[in-house]
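K.L.:
The structure is given below, and queries will be raised subsequently.
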Protein chains: 2
Amino acid sequence: MARITALETADVRFPTSLSLDGSDAMNPDPDYSAAYVRVRTDAGDDLVGHAFVFTIGRGNDVQVAAIRALAHHLVGRDADELLADMGGTWRGLVHDSQLRWLGPEKGVMHMAIGAVANALWDLKAKRAGLPLWQLLARMTPEELVDLVDFRYLTDALTRDEAVAILRAAETGRAQREEQLLREGYPAYTTTPGWLGYDDEKLARLCREAVEEGFTQIKLKVGADLHDDVRRLGIARQAVGPDVRIAVDANQRWDVADAIAWIKELSSFDIAWVEEPTSPDDVLAHAAIARGIAPIPVATGEHMANRVMFKQFLQAEALQVLQLDATRVAGVNENIAILLLAAKFGVPVCPHAGGVGLCEAVQHLSMFDFVAVTGTHEGRVIEFVDHLHEHFVTPVAVRDGRYHPPTAPGAGTEMHAASVADHCMNPDG
Amino acid sequence: MARITALETADVRFPTSLSLDGSDAMNPDPDYSAAYVRVRTDAGDDLVGHAFVFTIGRGNDVQVAAIRALAHHLVGRDADELLADMGGTWRGLVHDSQLRWLGPEKGVMHMAIGAVANALWDLKAKRAGLPLWQLLARMTPEELVDLVDFRYLTDALTRDEAVAILRAAETGRAQREEQLLREGYPAYTTTPGWLGYDDEKLARLCREAVEEGFTQIKLKVGADLHDDVRRLGIARQAVGPDVRIAVDANQRWDVADAIAWIKELSSFDIAWVEEPTSPDDVLAHAAIARGIAPIPVATGEHMANRVMFKQFLQAEALQVLQLDATRVAGVNENIAILLLAAKFGVPVCPHAGGVGLCEAVQHLSMFDFVAVTGTHEGRVIEFVDHLHEHFVTPVAVRDGRYHPPTAPGAGTEMHAASVADHCMNPDG
């Protein structure tokens, strides 16, 4: 029997605000950071589970404290047992009644649970000798739904419906694995579009994106309408008529503002409008979606949990669902969200970028392609070319596509030197 | 000029789980706790701002860490300036773009902002020599709306509409202050209804509640239907037909369960059904409200922010609004919520209990009575007879009514000895 011997944390920060990488209408100067966790066992196999919560600087220490508050759920416990029943393990974390008060199921405490769950998934995948996407894609429908907590979901998705969705996708799993390994999964790039870049840099990065094979880019908008019109003009001219351009307002608007602002930009053939308003506002997003149709509304990176995603789908408040690898409570909750999206027939185009979000989230889209929806039609994974060098298995994005990782694990392991060199307040 | 010299924190915990006080269907063994904060200045007047976030035990240390992460917003700054523009001060805290990522506007980080804002309100009221309710009730409509952030609210409530609501209530403020001081504000009690109490204790506490002058009690339900029917029978027999009995499921159900369960209890003449499901689920609450009408749905103690309250009102998903003194970002956000409730004509019956929630929240209802809605018709403040002895100005509940505090401040100051005796991991 292997026991969990340690849950180690580290407060890892990169001074990205110095270059204005990541600058948008709500986040002028992010310092991309990771509240990092390592789960160790006494198995003697040298396998360690790694994961993190992505933050943008200040407060990363609070996120680390929240991860540390979960140690008693793991340390000293039987690792084999915890990893064999990841659904039960997840519920044990999420339904800790005292910690639940701090959310419930949202914010700092919920993201901390996500990091701990994801570290266990990294360890489980390493033990299985498989990349996470393949580990998940080879589980039975029943094993997969056992990972999901259907509490608060049954008015939109029952366990039986979820099994039926997964059962329908069982045929063809093997061929789609092969296809994915051969062709990769479509990506789009946000690299050109940060608000802090000047026009020359914007145009150059747009041209480079096309040269690199991307068929969609994304621009940050929402700070100044005049600037947005000028920057969209520059971008559209640089990429030509056939490359899709999405825009991202990072929650800047109220309902009426959003609709009016987007009307001014609609002549540029907008692929989607991302985060037009508060990520908590189902009804406002629904109103905006009606107001700007047929331009789709995209959101999800700040959506707190599966209950919020459920409502956005029920209310037709989003047309593109952007799950995030570290916002909700980890792989388990993201499987629930993938199943909800499949039930409602809405494409999932994950949020990525930051620190390691690309490395982490690709596994979820690839699992979805192989074992849930069976398609990547109308789906793209965000790509931002930042900070990949710090990861042991960095993403392989070529010709505008994510090429699947084959190394065992969840992709969430940073180089020891990267953690050490960028660690504040080390706690061992 | 006075400067803020320190933001001190303390991790204060009471071992309430030993007596099963506070036990319900989702929280079997809470240890009522306070992430406590003191704001000091160099004014030389001995006035200190006190406030806290209420939690139920584990994780109180995480909440303390979040409060500490806000110190740089206050320490070294001009206290007079911060207190003179509490709207601007609040926005400075909530719109810290890096910290905002940890919510946004929800969970641990948002509650921490609430505690810091409330400590400033306590200090401001002490400086003014007034209890908080009176300080607020004597501000002009323009001063009050300046405290509110209307971002994400304008599809339901504009600044002008808010001014109009407050303007309409200006007549009669002085008479209502006098009436309040004379008669108090109606209360109801949850003391009898915790799930962990046996039938004999339930019946005895119900009888005592009636003897003490309460006209409404509340019972926890949702763990076992058979038990709920038996306990409601005991309670109804003990209090007679004229005392209102509310029930509280503490988020235990999905939509169909909630409707079915409540139908089984409806013969007991239920005053309201509280927290039937996830506090994030606007659409589920709306469906439940339609399904159990005319029994009202009550919720709010776990609702993350004003955007969620707005939607619940827009969707007719609640008929009784239960704001909480320490869940959202403090007095400012609760004023926004009171204004939203006034706009939609929904009664506010605050959540209280825990540690110091009664002491804190009474100020909001009393302010509402004097300066917002001008009525307490159909409104009651929750009362639980726990832990009041630790507060410098404990609530005065007599004859089933809260009698207004007259001491300067927000009611949120604990005795120094109580903090010291129950403090874990003291940080000075």
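The values are calculated or read from the model by the stated rules, or taken from the named source; none is laboratory data. None of the values given here were measured: they were computed from a predicted structure. Note that we place each Cβ from the backbone using ideal geometry, even for glycine, and neighbour counts take in every protein chain shown.
K.L.:
Under the condition of being free of Cβ contacts under 8 Å to residues at least 60 places away in the same chain and more than 11 Å from chain B (Cβ to nearest Cβ), which residue from region A:20-45 is nearest to the chain's Cα centre (by Cα)?
P.N.:
For region A:20-45, the residue satisfying everything is A:Arg40.
K.L.:
Does region B:360-380 contain any residue that is crowded, with 24+ Cβ neighbours inside 10 Å and closer than 18 Å to B:Gln251 by Cβ?
P.N.:
no
K.L.:
Residues of region A:66-95 being within 27 Å of A:Ile56 (Cβ to Cβ) and either basic (Lys, Arg) or at the interface with another protein chain (Cβ under 7 Å from one of its Cβ atoms) (or both), which ones?
P.N.:
A:Ala66, A:Arg68, A:Ala69
K.L.:
In region B:108-123, which residues are under 18 Å from B:Asp149 (Cβ atoms) and touching a residue at least 60 places away in the same chain (Cβ under 8 Å)?
P.N.:
Those that are under 18 Å from B:Asp149 (Cβ atoms) and touching a residue at least 60 places away in the same chain (Cβ under 8 Å): B:His110, B:Met111, B:Ala112, B:Ile113, B:Gly114, B:Ala115, B:Val116, B:Ala117, B:Asn118, B:Leu120, B:Trp121.
K.L.:
Applying the selection to region B:239-258, what residues are assigned to a loop (DSSP other than H, G, I, E, B) and either touching a Leu at 6+ places or on another chain (Cβ under 6 Å) or within 11 Å of chain A (Cβ to nearest Cβ) (or both)?
P.N.:
B:Asn250, B:Gln251, B:Arg252, B:Trp253, B:Asp254
K.L.:
Counting only residues that are surrounded by fewer than 23 Cβ atoms within 10 Å (Cβ to Cβ) and on the phi > 0 side of the Ramachandran plot, how many does region A:290-316 have?
P.N.:
1
K.L.:
Answer with yes or no whether B:His285 is in a loop (DSSP other than H, G, I, E, B), of a type outside the set (Phe, Trp, Tyr) and modelled with pLDDT of 95 or more.
P.N.:
no
K.L.:
Oh, and also: Within region B:69-84, can you find the residues that are within 17 Å of B:Lys126 (Cβ to Cβ) and surrounded by fewer than 15 Cβ atoms within 10 Å (Cβ to Cβ)?
P.N.:
Residues satisfying the conditions are B:Asp80, B:Ala84.
Each row is one residue, and each column tells you yes or no for (1) aromatic (Phe, Trp, Tyr); (2) out of contact with any Pro (no Cβ under 9 Å at 6 or more places or on another chain); (3) farther than 25 Å from B:Gln311 by Cα.
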{"position": "A:Val273", "(1), (2), (3)": "no, no, no"}
{"position": "A:Met303", "(1), (2), (3)": "no, no, no"}
{"position": "A:Lys310", "(1), (2), (3)": "no, yes, no"}
{"position": "A:Ala341", "(1), (2), (3)": "no, no, no"}
{"position": "A:Gly354", "(1), (2), (3)": "no, no, yes"}
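Quick grid of which residues meet (1) farther than 17 Å from B:Tyr152 by Cβ; (2) hydrophobic (A, V, I, L, M, F, W, C); (3) within 18 Å of the chain's Cα centre (by Cα); (4) in the same structural domain as B:Phe52 (by TED's automatic domain parsing):
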site	(1), (2), (3), (4)
B:Arg91	no, no, no, yes
B:His95	no, no, no, yes
B:Arg100	no, no, no, yes
B:Pro104	no, no, no, yes
B:Met111	yes, yes, yes, yes
B:Ala115	yes, yes, yes, yes
B:Leu120	yes, yes, yes, yes
B:Lys126	yes, no, no, yes
B:Leu136	yes, yes, yes, no
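K.L.:
Now for a different question. Using the structure shown, decide if B:Ala223 is at negative phi and at pLDDT below 95.
P.N.:
Spelling it out, B:Ala223 is indeed at negative phi and at pLDDT below 95.
K.L.:
Tell me which residues, restricted to region A:212-258, are surrounded by fewer than 21 Cβ atoms within 10 Å (Cβ to Cβ), of a type in the set (D, E, K, R) and under 29 Å from A:Arg401 (Cβ atoms).
P.N.:
Within region A:212-258, A:Glu212, A:Arg236, A:Asp242, A:Arg244 qualify.
K.L.:
Counting only residues that are away from chain B (no Cβ under 12 Å) and either crowded, with 21+ Cβ neighbours inside 10 Å or touching a residue at least 24 places away in the same chain (Cβ under 8 Å) (or both), how many does region A:259-289 have?
P.N.:
So the count comes out to 14.
K.L.:
Quick one: which of B:Thr16, B:Thr5, B:Thr41 is modelled with pLDDT of 95 or more, among the polar types (S, T, N, Q), on the phi < 0 side of the Ramachandran plot and buried (at least 21 other Cβ atoms within 10 Å of the Cβ)?
P.N.:
B:Thr41
K.L.:
Only one residue in B:Val75, B:Val53, B:Val62, B:Val48 is under 16 Å from B:Gly114 (Cα atoms) and in contact (Cβ under 8 Å) with a residue 60 or more places away in the chain, so which one is that?
P.N.:
The conditions single out B:Val53.
K.L.:
What residue, of A:Gly107, A:Gly114, A:Gly87, A:Gly103, is in contact with a His (Cβ under 6 Å, 6 or more places away or on another chain) and either on the phi < 0 side of the Ramachandran plot or crowded, with 24+ Cβ neighbours inside 10 Å (or both)?
P.N.:
Unique residue meeting the criteria: A:Gly103.
K.L.:
Tell me, please, whether a residue that is more than 14 Å from chain B (Cβ to nearest Cβ), farther than 16 Å from A:Val239 by Cβ and at pLDDT below 95 can be found in region A:177-185.
P.N.:
The answer is no; no qualifying residue exists.
K.L.:
Now for a separate question. Assigned to a loop (DSSP other than H, G, I, E, B), modelled with pLDDT of 95 or more and within 16 Å of A:Leu47 (Cα to Cα) - does that describe any residue in region A:128-142?
P.N.:
yes
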